[in-house]
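Remarks on the structure that follows.
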Amino acid sequence: MALDVATVRKDFPIYEARKPFVFLDSAASSQKPRAVIDAMTAYYETSHANVHRGVYGLAEEATALYEGARARVARFVNAPQAKEILFSKNVTESLNLVAQSWGRAHLGPGDAIVLTEMEHHANIVPWQILQAQIGFEIRWIPVTPDGKLDLSDLDRLLDGAKLLSFTGVSNVLGTINPVRQLTDAAHAAGALAVVDGAQYTPHVATDVQALGADLFAFTGHKMLGPTGIGVLWGNEALLESMPPFLGGGGMIRDVRKDGFLPDELPHKFEAGTPPIAEAVGLAVACDELDRYDMGEVRAHEVAVTGYALDTLRERFAGDVVVHGPADPASRGGVLSFTFKDLHPHDVTQVLDEHGVCVRAGHHCAKPLMRCLEVGAVVRASFYIYNDEADVDALADALQRCAEFFG
Ligand SMILES: Cc1ncc(COP(=O)(O)O)c(C=O)c1O
């Protein structure tokens, strides 16, 4: 293992509070290190005031912490400027922002956008809402039987399209998509490239400039940070050209009875009181991930996922069908499977009775479920605090499950 899990777990209070604890659901939301929890508590205990409004010292201190967090997040993803980092509630809100701001301004009847069949609903439904409002075509990049994007017809799909929006890593299949190849293809076709980085940034070192996306969204709670904060990065010129999404306080330069003037970046896109403590926590989560080192995080995940693939194959052979690429180096730490002919919810319930937390369902990817011809799957997902013993516990619990259901 690239990381020493016993040492890592000492940073996570939940491993002290719950014993035994086999947590295999980090793709839904990761656990939080003490450093993140402490930073947020300290902020509330000593430094809280609303930001960007007060001229007293405490408010200025809170503003400095909030804007410092923005700069830290910018550094984490190699964004050229802090003002290009917009804080939102989560990836879902970031992608709704893209659809309602950029999409509403640029799309209409006769236009087309391209999505993929492996998208999370967060990168489907915002476009479908807009489609119902203004009308345009949605084209779909298909998924191959081994769980990769079928790019054989990409040029035709992109022909005349105005936008390509796709996930960096599938939350069901674990597939790591060829982000740079796709952003290049979008640009060659004259389309905007948008990346849903919800499952990418927590696991793969993210350099938004090298990836070539125009807009890149990610979320705090899957990368050791708190819930309630998401990010949208975009380059300055593009964000400047986009109209505001949500309106209210904090995002205006002036308001008169006949209209308003939006504020400068990033405030134009941050209406209302922002997630201040959450930004402070997210900045510390970036520190923590850098301390573990994103290269090591990724190597650790490949090792655990490889061990899990081997273990399930060896112990359950034909009884387990794993979805997604066979090679652990082409996938993130997500392992979705079906077990015998059992319903995933039944499997998950028995696993829970044996102390193993995994998730079952459609994982907010119903179009993908239809491609896979399943209604639901069991998903185990790994992060820096998981090791082979967790995988063994999963396999042992699956064995109990097989015995229970005969
Ligand atoms: C690929 C992907 N996109 C988007 C989301 C939505 O994230 P959030 O709930 O933080 O908005 C998720 C969450 O599971 C995801 O896995």
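The values are calculated or read from the model by the stated rules, or taken from the named source; none is laboratory data. Keep in mind it's a predicted model, so treat the numbers as computed, not measured. Every residue, glycine among them, receives a Cβ derived from its backbone with ideal geometry; neighbour counts consider all protein chains shown. Surface accessibility is based on the protein's heavy atoms, side chains included, excluding ligands, DNA and RNA. Shrake-Rupley method; radii C 1.70, N 1.55, O 1.52, S 1.80 Å.
Figures for the structure shown
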| quantity | calculated |
| --- | --- |
| In the range 204-225, the residues that are within 11 Å of the ligand (Cβ to nearest atom), open to solvent by 10 Å² or more (accessible area, probe 1.4 Å) and not charged (D, E, K, R) | HIS221 |
| Odd one out for SER170 among (1) open to solvent by 20 Å² or more (accessible area, probe 1.4 Å); (2) under 23 Å from the mean Cα position of the chain (by Cα); (3) of a type outside the set (A, V, I, L, M, F, W, C) | (1) |
| Tabulated pairs, the range 263-289, first of a type in the set (Lys, Arg), second open to solvent by 30 Å² or more (accessible area, probe 1.4 Å) and outside any loop (DSSP other than H, G, I, E, B), C-beta under 7 angstrom, 6+ apart or interchain | LYS268/PRO262 |
| Residue match in the range 29-42 (condition: outside the structural domain of ALA380 (by TED's automatic domain parsing), farther than 30 Å from ALA380 by Cα, open to solvent by less than 10 Å² (accessible area, probe 1.4 Å) and part of a helix (DSSP H, G or I)) | no |
| Test: residue in the range 75-96 that is farther than 17 Å from PHE269 by Cα and of a type in the set (Val, Ile, Thr) | yes |
| Subset of the range 114-148 [closer than 23 Å to LEU232 by Cβ and within 19 Å of the chain's Cα centre (by Cα)] | LEU115, THR116, MET118, GLU119, HIS120, HIS121, ALA122, ASN123, ILE124, VAL125, PRO126, TRP127 |
| Residue in the range 112-126 that is more than 16 Å from the ligand (Cβ to nearest atom) and either assigned to a helix (DSSP H, G or I) or not assigned by TED's automatic domain parsing to the domain that holds HIS203 (or both) present | no |
| Selected residue (only one of ALA397, ALA380 is among the small types (Gly, Ala, Ser) and in contact with a His (Cβ under 6 Å, 6 or more places away or on another chain)) | ALA397 |
